[in-house]
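The values are calculated or read from the model by the stated rules, or taken from the named source; none is laboratory data. Since the model is a prediction, treat every value here as computed from it, not as a measurement. A quick note on method: Cβ atoms are made from the backbone with ideal geometry, for glycine too, and the neighbour counts reach across all protein chains shown.
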Amino acid sequence: MRYISSITLTIAAFLTILLLTSCTSNTQTSDHVFKPTNIKGSHTFDGNSGKIIEHNFNHNGIKRSYIVYLPTNHQPDNKSALVLSLHGRTGTSHALMKSQRWHSLADSENFVVVFPQSAATELDGKLMTQWNALNVNSGIDDVSFLKNVVSRVHEQYKTSAKKAYVAGFSNGGMMVSRLVCEADGTFAAMASVAGIGSTAHSDCVPRHVTPIAFIHGEKDLLPPQKGQLSNLRPVQETISMFVETYNCSDMPVVKLLEDKAPNDGTRTTMYRYQGCNEDAVVEYYFVKNGGHTWPGNKPVTWLGNTSQDFTANEILWQFFSRHELKFK
């Protein structure tokens with residue numbers, strides 16, 4: 001555990017420096033358009049590529065930003081769906097856009113992807129990017145920031161207010177659990193990958209229940225399956241909280257996913273809790289032997305096994321596309 005912690009701090013310091021150096025080039029104007037082959041890091045997208053625009057604006061006196069990926073055939077009149085993707089602690093929107101590779105699916109399914117950037121705040125004496133998911137309260141109002149981003153994108157790109165979704169990884173996944181409680185009515189469905197809830201959400205009683213999906217690795221140490229860190233709920237307890245809050249059946253539909261990559265060291269079982277209020281569902285993808293990873297991504301050894309049996313992008317899009325807000 002000490003070894004993992006030291007690596008985590010080293011990576012955190014590196015990414016903080018990367019964030020600060022990349023931000024200095026974006027302080028002069030409000031919007032930046034990138035060619036997909038010219039994003040910082042010299043990353044080339046596969047196949048046809050749409051347009052990438054970075055927006056900057058002041059929110060509550062703090063300069064904030066988000067990156068928009070417009071699919072190749074985007075037409076504002078089509079009222080495309082919108083997917084927000086939230087990075088983890090120490091992460092950046094640029095790095096997440098490159099690693100998660102939502103662009104291919106966005107092109108084929110014609111939806112807009114947005115990568116918001118969290119603020120850099122102090123944690124344990126170190127400056128790092130993180131969402132205020134309430135497990136560690138930074139004082140930053142990220143709920144209103146993300147709702148503002150959604151409103152701005154709807155206005156700027158004419159996306160559908162009935163088809164806005166959010167997926168978060170790690171600390172971004174923890175932020176999703178907070179959004180369920182405090183931003184209900186904004187998103188038609190949400191998803192948390194390698195992120196769990198906080199005991200700060202114990203009194204969560206949303207006005208509208210939002211369908212939510214979880215993907216979590218059995219051997220994920222950051223955050224753990226068993227909630228070994230203070231103020232964090234174990235993943236099963238987090239799911240049980242939503243099942244109870246949503247008044248779902250406590251007898252899930254269980255499905256073992258196909259073992260498409262036998263050598264990746266993982267198997268995944270899906271648990272779907274149905275019969276919830278407002279026709280919501282709670283889905284849980286338990287990745288046996290999985291680590292702190294985004295399924296389908298390139299494996300990173302020290303983070304544990306990465307499932308190659310499925311891609312989180314495709315599973316989550318299938319989940320998202322089944323749901324629309326009924327009252328917008």
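Considering every residue within the stretch 244-257, establish whether at least one is crowded, with 18+ Cβ neighbours inside 10 Å, modelled with pLDDT under 95 and among the polar types (S, T, N, Q).
For the stretch 244-257, residues crowded, with 18+ Cβ neighbours inside 10 Å, modelled with pLDDT under 95 and among the polar types (S, T, N, Q): present.
Determine whether the stretch 26-47 contains at least one residue that is hydroxyl-bearing (S, T, Y), modelled with pLDDT of 50 or more and not in a loop (DSSP other than H, G, I, E, B).
Checked the stretch 26-47: no residue is hydroxyl-bearing (S, T, Y), modelled with pLDDT of 50 or more and not in a loop (DSSP other than H, G, I, E, B).
Tell me yes or no: at least one residue of the stretch 298-316 is among the β-branched types (V, I, T), touching a Cys at 6+ places or on another chain (Cβ under 9 Å) and modelled with pLDDT under 95.
The answer is no; no qualifying residue exists.
Any idea how many residues of the stretch 104-129 are assigned to a loop (DSSP other than H, G, I, E, B) and closer than 22 Å to F57 by Cβ?
Here the count works out to 3.
Looking at the stretch 306-328, I want the residues that are of a type in the set (F, W, Y) and have a partner that is in a helix (DSSP H, G or I) with Cβ atoms under 7 Å, at least 6 apart or on another chain. Which pairs are those?
Going by the 7 Å Cβ cut-off, the qualifying pairs are W317/L105; W317/E109.
Residue-wise test of (1) out of contact with any Cys (no Cβ under 9 Å at 6 or more places or on another chain); (2) closer than 16 Å to V83 by Cβ; (3) surrounded by fewer than 21 Cβ atoms within 10 Å (Cβ to Cβ); (4) not aromatic (F, W, Y).
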residue: L105; (1), (2), (3), (4): yes, yes, yes, yes
residue: V112; (1), (2), (3), (4): yes, yes, no, yes
residue: L123; (1), (2), (3), (4): yes, no, yes, yes
residue: T129; (1), (2), (3), (4): yes, no, no, yes
residue: S138; (1), (2), (3), (4): yes, no, yes, yes
residue: D141; (1), (2), (3), (4): yes, no, yes, yes
residue: S144; (1), (2), (3), (4): yes, no, yes, yes
residue: K147; (1), (2), (3), (4): yes, yes, yes, yes
residue: S151; (1), (2), (3), (4): yes, yes, yes, yes
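I need a count of the residues in the stretch 260-308 that are closer than 30 Å to F327 by Cβ, out of contact with any helix residue (DSSP H, G or I) (no Cβ under 6 Å at 6 or more places or on another chain) and either among the aliphatic types (A, V, I, L, M) or in a loop (DSSP other than H, G, I, E, B) (or both).
6
Go over the candidates N73, N137, N132 one by one and state the one that is part of a loop (DSSP other than H, G, I, E, B), over 27 Å from S160 (Cα atoms) and not charged (D, E, K, R).
N137
For N277, only one of the following conditions fails: (1) closer than 18 Å to P206 by Cα; (2) surrounded by 14 or more Cβ atoms within 10 Å (Cβ to Cβ); (3) at pLDDT 95 or above. What is its number?
(2)
Cβ contacts < 7 Å: first residue free of Cβ contacts under 8 Å to residues at least 60 places away in the same chain, restricted to the stretch 64-84; second residue among the polar types (S, T, N, Q) and part of a strand (DSSP E or B), any location; separation 6+ or different chain. Result?
Partner pairs satisfying both residue conditions: S65/N56.
Take the stretch 205-242 and flag every residue that is crowded, with 20+ Cβ neighbours inside 10 Å, out of contact with any helix residue (DSSP H, G or I) (no Cβ under 8 Å at 6 or more places or on another chain) and modelled with pLDDT of 95 or more.
Across the stretch 205-242, the qualifying residue is only G217.
Would you pick out the residues in the stretch 155-194 that are hydroxyl-bearing (S, T, Y), surrounded by fewer than 22 Cβ atoms within 10 Å (Cβ to Cβ) and either at positive phi or assigned to a helix (DSSP H, G or I) (or both)?
Across the stretch 155-194, the qualifying residue is only Y157.
State all residues of the stretch 60-87 that are crowded, with 17+ Cβ neighbours inside 10 Å and more than 25 Å from H323 (Cα to Cα); if no residue qualifies, say none.
Across the stretch 60-87, the qualifying residues are R64, S65.
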